[in-house]
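The values are calculated or read from the model by the stated rules, or taken from the named source; none is laboratory data. Since we're looking at a predicted model, the values are computed, not measured. In this analysis, Cβ positions are derived from the backbone assuming ideal geometry, glycine residues included, and neighbour counts consider all displayed protein chains. All accessible areas refer to the heavy atoms of the entire protein, side chains included, with ligands and DNA or RNA removed. Shrake-Rupley method; radii C 1.70, N 1.55, O 1.52, S 1.80 Å.
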Amino acid sequence: DVVETQEHYKSRWRSIWIMYLTMFLSSVGFSIVIMSVWPYLQKIDPTADASFLGWIIASYSIGQMVASPLFGLWSNYRPRREPLVVSTTISVAANCLYAYVHLPHSHNKYYMLTARALVGFGAGNVAVVRSYIAGATSLTERTSAMANTSACQAVGFILGPVFQTCFTLIGEEGITWKLIHLQLNMYTAPVLFGALLGVINIILIFAIFREHRVDDMGRQCKSINSEGEESGGLDQDAEGNIDHVAVVAINFLFFVILFVFAVFETIATPLTMDMYSWTRKEAVFYNGIILSVVGIESVIVFMVVKMLSKKTGERAILHGGLLIVLVGFFILLPWGKKLPNIQWQEIKNNSIPRATSTEMLMPFWSLEALQLPSNRTVEPVGCPITQSWCLNTPMIYLAQYISSDILIGLGYPVCNVMSYTLYSKILGPKPQGVYMGWLTASGSGARILGPVFVSQVYTHLGPRWAFSLICGVVVVSLLLLEIVYKRLIAFSVRYGRMQE
C-alpha cells in the first residue's frame, strides 16, 4: 500500500477544485441566456413560434444526453484532460456561433437550435467531472465532494440569469464591430462572456489539472488515465463485480428525481396564472423570486447534507428526501371548495384574444419576453375556459403553493446529492466514466420528458391528475428504494474490505 504524500494530496484537491469550476461553468452556459432566448429568436427569425422555442430549450438536454456516455467512455481509457478540453472547446465554439446567428439571411432559427444543442453536447463533460471526483476521493470524502459539485452546479444556475440581467444594460442595439460582423448587445454579450469563461477553464485545465486516484480508504493508486506521470500502487481492490441491480435502481431513482423537479419548474408559471389570476408579468416576477429563493435554499441544503450524512448514512437521507418531495406534491393537490376565477370576459368580448395553451405552458424564463399585441387593452387573467377542468377543480391556495415550493426545494437537492454519492460508491474502484455518462443521460432525458408530460396532463386533465400521477411515481420510487435498500452499499463494503 502506498500512503498518500502531502504533495499528492494538495495536487489532488487543486484538480478537484478545477472540476468544481468546470461544473459551475457548465450550468452557467445553460442558464445565462435562458431569459433572452425568446426575444432574440423573435428578433432574428420572425417565422419562429413558441413551439420552436420549446425545441431550442430541449436541444441543450438532448445534446447533453447524447454526449455524456461518449465523453464518459473516452475518459475511461484516455487522460481526462482530453475529453474535458474538447468538450469545453465545443461549448466555446457553440457560444460564438450563437452570437452570429443573426448573420444568415434565412433559417436563422435552425442555427440557434444547432448552437444550443452544441452547448449541451459540450456540457456532457459533467460525466467526466463526476467520474473524476468519484475516483479522486476516498469514501469519507465522497459525500462532501459530491455535495460541493452539486452546489457549484446550483450556484451556476442561479448566477446565470443574474449575469444576463447585468448585460441588459448594454441594450438591444448595443455596438457593432463591423470588421468581424459582431453585434455586441444584450443577447450576444452573455454567450461571449460564457465563451471567455470557457477559454479560462481550458487554460486552468492545462495549467493545474492532474490525474489522481485514491482507493476507498484514501490510499494513493495509479490511475489508468495518467500516462505514467503519477506514481502509486495499483488498486488491488478492483477485483469483484459491480451490483448492476443497484446501478439500474439508482439510474431509475435519479430519473424520477430530475423528472419531478422539471415538472415543478415547468408548471410554476401556468399554475399560478390559472389559480391566482396573475398576469404574465406578475407570474414571471413572483415565480422568479420564488425559484431564486429555492436555489439559495438548495445551496444551503447541499452544505448541511455533508455533515448530516456522516451521522445517518446516504441511504436514509435519500429515503427522507424522497418522502419530503412526496409531501411537497401531495400538498399541491386541490382540496378546497373554492373554484379559480374563470376567463369569462373573453367569451363575452371576442375582441380580446386569449393566451394560447402553448403560451400558458411556457416556462417562466420565456414568458417574460412575451409582448401583448398592440390591439389588446386588457390581458385576460384566470383559468381559461378552454381547460374544461377549470369549471370543477378547486383552486390551489397560495399557502399550499409556497409550502410545496419550500418542501420540494428541500427534498430535491438532498436526493440529487445522495444519488450521485451512492452511485459512485456502488461502482467503487471500477472505471466510472460510462456509468456516470448513463446517469447524466438519464437526468437529461428526465428534463426533456418532464415538461412534455406535465404540459399534456395539466392542460387536458388538470392539476389533480397531474400531481396525483407525480405522487404515484414518487411512491413507486420509495417502494423500489425499500426493495434495493440493502444493496445500496459501497463496493468495498460489499466485498468485506471495509466496514460500513
(message) Is it the case, given these coordinates, that V101 is β-branched (V, I, T), out of contact with any Ser or Thr (no Cβ under 7 Å at 6 or more places or on another chain) and farther than 27 Å from R210 by Cα?
(response) yes
(message) Please go through (1) touching a Leu at 6+ places or on another chain (Cβ under 9 Å); (2) at pLDDT below 85; (3) surrounded by fewer than 24 Cβ atoms within 10 Å (Cβ to Cβ) for G433 and return the number of the only condition it doesn't satisfy.
(response) (3)
(request) Mind counting the residues in the stretch 436-456 that are among the hydrophobic types (A, V, I, L, M, F, W, C), open to solvent by 20 Å² or more (accessible area, probe 1.4 Å) and more than 13 Å from V256 (Cα to Cα)? (result) 2
(message) Regarding the stretch 194-203, can at least one residue be identified that is more than 23 Å from the chain's Cα centre (by Cα), outside the structural domain of K425 (by the TED database) and over 22 Å from S87 (Cβ atoms)?
(response) no
(request) With the condition kept exactly as written, say whether any residue in the stretch 322-344 is assigned to a helix (DSSP H, G or I) and within 19 Å of the chain's Cα centre (by Cα). (result) yes
(message) Return the residues of the stretch 455-500 that are within 23 Å of S404 (Cα to Cα) and modelled with pLDDT under 80; say none if nothing qualifies.
(response) S455
(request) Name the one entry in R78, R116, R142 that is touching a Phe, Trp or Tyr at 6+ places or on another chain (Cβ under 8 Å) and in contact (Cβ under 8 Å) with a residue 24 or more places away in the chain. (result) R116
(request) Considering each residue of the stretch 275-318, count those that are charged (D, E, K, R) and surrounded by 14 or more Cβ atoms within 10 Å (Cβ to Cβ), and give that number. (result) 6
(message) Being open to solvent by less than 30 Å² (accessible area, probe 1.4 Å) and either of a type outside the set (G, A, S) or under 20 Å from G218 (Cα atoms) (or both) is the requirement here; does S31 meet it?
(response) no
(request) Confirm whether L469 is in contact with a Gly (Cβ under 8 Å, 6 or more places away or on another chain) and open to solvent by 20 Å² or more (accessible area, probe 1.4 Å). (result) no
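Yes/no matrix, rows are residues, columns are (1) modelled with pLDDT of 80 or more; (2) assigned to a helix (DSSP H, G or I):
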residue	(1), (2)
C166	yes, yes
M186	yes, no
L196	yes, yes
N201	yes, yes
E211	yes, no
G228	no, no
D237	no, yes
(request) Return the pairs, sorted by first residue and then second, in which the second residue is outside any helix (DSSP H, G or I), the first residue lies in the stretch 411-424 and is touching a residue at least 40 places away in the same chain (Cβ under 8 Å), the beta carbons are less than 6 Å apart, and the residues are 6+ apart or on different chains. (result) L422/L488
(request) Kindly indicate whether I406 is touching an Asp or Glu at 6+ places or on another chain (Cβ under 9 Å), in the same structural domain as V325 (by the TED database), in contact (Cβ under 8 Å) with a residue 40 or more places away in the chain and surrounded by fewer than 18 Cβ atoms within 10 Å (Cβ to Cβ). (result) yes
(message) Quick check on my filter: what residues within the stretch 161-179 are among the aromatic types (F, W, Y) and open to solvent by 100 Å² or more (accessible area, probe 1.4 Å)?
(response) W177
(request) Mind checking which helices (runs of 4 or more DSSP H) fall wholly inside the stretch 1-119 and carry at least 1 residues that are out of contact with any Lys or Arg (no Cβ under 9 Å at 6 or more places or on another chain) and over 30 Å from L184 (Cβ atoms)? (result) 6-31, 50-77, 81-99
(request) Would you tally the residues in the stretch 85-103 being within 24 Å of A446 (Cα to Cα) and either touching a residue at least 60 places away in the same chain (Cβ under 8 Å) or crowded, with 24+ Cβ neighbours inside 10 Å (or both)? (result) 4
(message) Restricting to the stretch 457-466, count the residues that are among the basic types (K, R) and either within 18 Å of G321 (Cβ to Cβ) or surrounded by fewer than 17 Cβ atoms within 10 Å (Cβ to Cβ) (or both).
(response) 0
(request) Please work out which one of (1) more than 25 Å from G450 (Cα to Cα); (2) surrounded by 14 or more Cβ atoms within 10 Å (Cβ to Cβ); (3) at pLDDT below 85 is the condition T386 fails and give its number. (result) (1)
